[in-house]
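> Please see the structure below; I have some questions.
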Amino acid sequence: MLKAIGFILLGFLLMELSGWFIHKYLMHGPLWKIHKTHHQPSKSFFELNDLFSLFFGGIAIVLIFLGVEALDFRFWMGVGISTYGMLYFFLHDVLVHRRLKWFDRPKNSWLMGIFKAHQAHHKTNQKEGAVSFGLFLVPKEYFKKEEQ
Ligand SMILES: [Zn+2]
Ligand SMILES: [Zn+2]
């Protein structure tokens, strides 16, 4: 049981870490052609950038498929990656970008921090000069209480 939780957390953590790295060095690098569809206004509901979500989702499905019989680390890491993906969808696609209008602007200060950090990432629609590449791993300053 403990092992399962450990591998779920590992899958989750690896997603944020590799996601940060991929976003900063590949998406805002050689893969900018795909990722820029997320930084520029789009006419349709789907963006070419959604390919990244499909890619990570595909990895999770393969891992779960390979590990489901033995219920080994592959299965649990697949579960961790899927959990990350779902949370990413709710926080990034729904809460921040409002692709589905399920929530209003967050009141919770942690959610507000995530929100502001990702908005800061979108201040630019260019390949260069973007900040705050993670979803959870973002500079502390965004979580400071708002003075109004
Ligand atoms: Zn970006
Ligand atoms: Zn975004």
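> Nearest 10 degrees, 0 to 90: what angle lies between the long axis of helix 2-21 and the longest principal axis of the chain (Cα atoms)?
Once rounded, the angle reads 40 degrees.
> Taking every eigenvalue of the Cα gyration tensor of segment 1-85, multiplying by 5 and rooting it, what semi-axes result, largest first, whole Å?
On the way: eigenvalues 168, 36, 18 Å².
Listed largest to smallest, the semi-axes of segment 1-85 are 29, 13, 9 Å.
> In percent, what relative contact order does segment 9-130 have, based on Cα pairs under 8 Å that are 6 or more apart in sequence?
Working: 102 pairs, mean separation 31.8, N = 122.
Worked out over segment 9-130, it gives 26 percent.
> Kindly report, to the nearest 10 Å², the accessible surface of Val68 as traced by a 1.4 Å probe over protein heavy atoms only.
That residue has around 70 Å² of solvent-accessible surface.
> Still on this structure, please answer the following. Carbon-plus-sulfur fraction of the accessible area of segment 9-108, 1.4 Å probe, in percent? Could the numbers behind the result be given before it?
Details: 4700 of 6390 Å².
In segment 9-108, the share of accessible area belonging to carbon and sulfur is 74 percent.
> Dipole of the chain, Cα-centred, from +1 at each Lys and Arg C-beta and -1 at each Asp and Glu C-beta, to the nearest 20 debye?
Numbers: 17 positive and 11 negative charges, 90 e Å.
The calculated dipole for the chain is roughly 440 debye.
> How much accessible surface area, in Å² rounded to 10, belongs to the heavy atoms of Ser18 with a 1.4 Å probe?
Rounded to the nearest 10, the figure is 40 Å².
> What is the angle, in °, between the Cα long axis of helix 109-121 and the longest principal axis of the Cα atoms in the chain? Nearest 10 is fine, range 0 to 90.
The helix 109-121 is inclined about 70 degrees to the chain.
> Determine the per residue accessible area of segment 2-103 with all protein chains present and a 1.4 angstrom probe, expressed in square angstrom. Don't skip to the answer; put the middle values down first.
Working: 6380 Å² over 102 residues.
Value for segment 2-103: 63 Å² per residue.
> Oh, and also: What is the ratio of the Cα radius of gyration of segment 49-125 to 2.2 N^0.38 Å, with N the residue count, to two decimals? Working shown, then result.
Details: Rg = 15.4 Å, N = 77, 2.2 N^0.38 = 11.5 Å.
Ratio of Rg to 2.2 N^0.38 Å for segment 49-125: 1.34.
> Working from Cα positions, state the angle (0 to 90°, nearest 10) between the long axis of helix 73-88 and the longest principal axis of the chain.
Helix 73-88 sits at roughly 20 degrees to that axis.
> Could I ask something else about it? I'd like the accessible area for Arg99: 1.4 Å probe, protein heavy atoms, all chains in place, Å² to the nearest 10.
Rounded to the nearest 10, that gives 50 Å².
> Over the chain, one equal point on each Cα, no solvent: what is log10 I(q)/I(0) by the Debye formula at q = 0.10, 0.13 Å⁻¹?
-0.39, -0.65
> Using only Cα atoms, locate the centre of segment 1-79 and the centre of segment 95-134, then give the distance between them in Å, rounded to an integer.
Segment 1-79 and segment 95-134 have Cα centres separated by 19 Å.
> Show me the GluC sites (Glu not before Pro) within segment 14-95 that DSSP assigns to loop and that have at most 15 other Cβ atoms within 10 Å of their Cβ.
Values: sites: Glu16, Glu47, Glu69; in loops: Glu47, Glu69.
Here the GluC sites (Glu not before Pro) that fit, given the DSSP loop and packing criteria, are Glu69.
The values are calculated or read from the model by the stated rules, or taken from the named source; none is laboratory data. Please read these numbers as outputs of a predicted model, since none were measured by experiment. Here Cβ is always computed from backbone atoms with ideal geometry, including for glycine, and neighbour counts include all displayed protein chains. Side chains are part of the model used for accessible areas, which takes the heavy atoms of the whole protein and leaves out ligands, DNA and RNA. Shrake-Rupley method; radii C 1.70, N 1.55, O 1.52, S 1.80 Å.
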